[in-house]
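The values are calculated or read from the model by the stated rules, or taken from the named source; none is laboratory data. Remember, predicted model here, so these are calculated numbers, not experimental data. Cβ sites come from the backbone with ideal geometry, for glycine too, and all protein chains shown count toward neighbours.
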Amino acid sequence: MNCYEINEETLAILPYGDTQSKIIEKYKEFIVNKTPYEIITYSCLYFGSSYEGRISATKYLLGISYKSPIVIEESRNLIFFPTNSPKLQDCSWISLKSIVDYKRNNSKSMILFDNNVRLPLDISYGSLENQIMRASRLDSMLRNNR
């Protein structure tokens with residue numbers, strides 16, 4: 001299966017229509033003919049694990065089994081978190097690594113990345129904050145375990 005491979009430049013993977021994704025990288029944006037879930041699943045396999053294995057590891061480390069952040073690749077510190085249930089079509093995946101700030105944007109949320117890209121999200125500020133905190137806890141636990 002040819003697919004987009006998540007890398008250090010990947011900021012976000014957004015649903016685009018029913019079967020595509022909009023990829024936001026540090027210096028470019030483009031469309032891929034795979035869903036965000038397919039890209040996440042492929043990238044886990046590409047870096048030597050399964051999506052289910054990554055979810056199990058998060059559950060083991062944090063006790064989280066719903067909307068779990070996952071490690072895509074350990075050595076590059078590629079941790080992504082979902083904005084909704086990964087099984088839903090409108091779920092986006094966000095890289096923790098490049099977030100410098102996040103804010104309320106009316107009833108929605110806004111993420112600011114380290115390259116000054118602003119990403120509006122159709123989720124509540126509380127939900128976004130919770131997802132960032134979960135991903136940060138996962139990052140912290142992994143760093144302590146090394």
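Taken over region 8-27, the criterion of being in a loop (DSSP other than H, G, I, E, B) and free of Cβ contacts under 8 Å to residues at least 12 places away in the same chain is satisfied by 17 alone. Restricting attention to region 75-96, does a residue exist that is of a type in the set (A, V, I, L, M, F, W, C), at pLDDT below 95 and part of a loop (DSSP other than H, G, I, E, B)? Yes, some residue in region 75-96 is of a type in the set (A, V, I, L, M, F, W, C), at pLDDT below 95 and part of a loop (DSSP other than H, G, I, E, B). Of the residues making up region 28-52, those that are in a helix (DSSP H, G or I), out of contact with any strand residue (DSSP E or B) (no Cβ under 7 Å at 6 or more places or on another chain) and surrounded by 13 or more Cβ atoms within 10 Å (Cβ to Cβ) are 37, 38, 41, 42, 45, 46, 51. Looking only at region 25-62, residues that are more than 21 Å from residue 89 (Cα to Cα) and touching a helix residue (DSSP H, G or I) at 6+ places or on another chain (Cβ under 7 Å) come to 3 in all. Annotation note: Cβ proximity below 6 Å between a residue of region 127-140 that is over 21 Å from residue 75 (Cα atoms) and a residue that is among the hydrophobic types (A, V, I, L, M, F, W, C) (sequence gap 6+ or interchain) occurs for 131/81. Inspect region 107-122 for any residue being of a type in the set (A, V, I, L, M, F, W, C), over 26 Å from residue 59 (Cα atoms), touching a residue at least 24 places away in the same chain (Cβ under 8 Å) and in a strand (DSSP E or B) and give the result as yes or no. Yes, the conditions are met somewhere in region 107-122. Within region 49-102, the set of residues being acidic (Asp, Glu) and closer than 26 Å to residue 19 by Cβ comprises 52, 73, 90.
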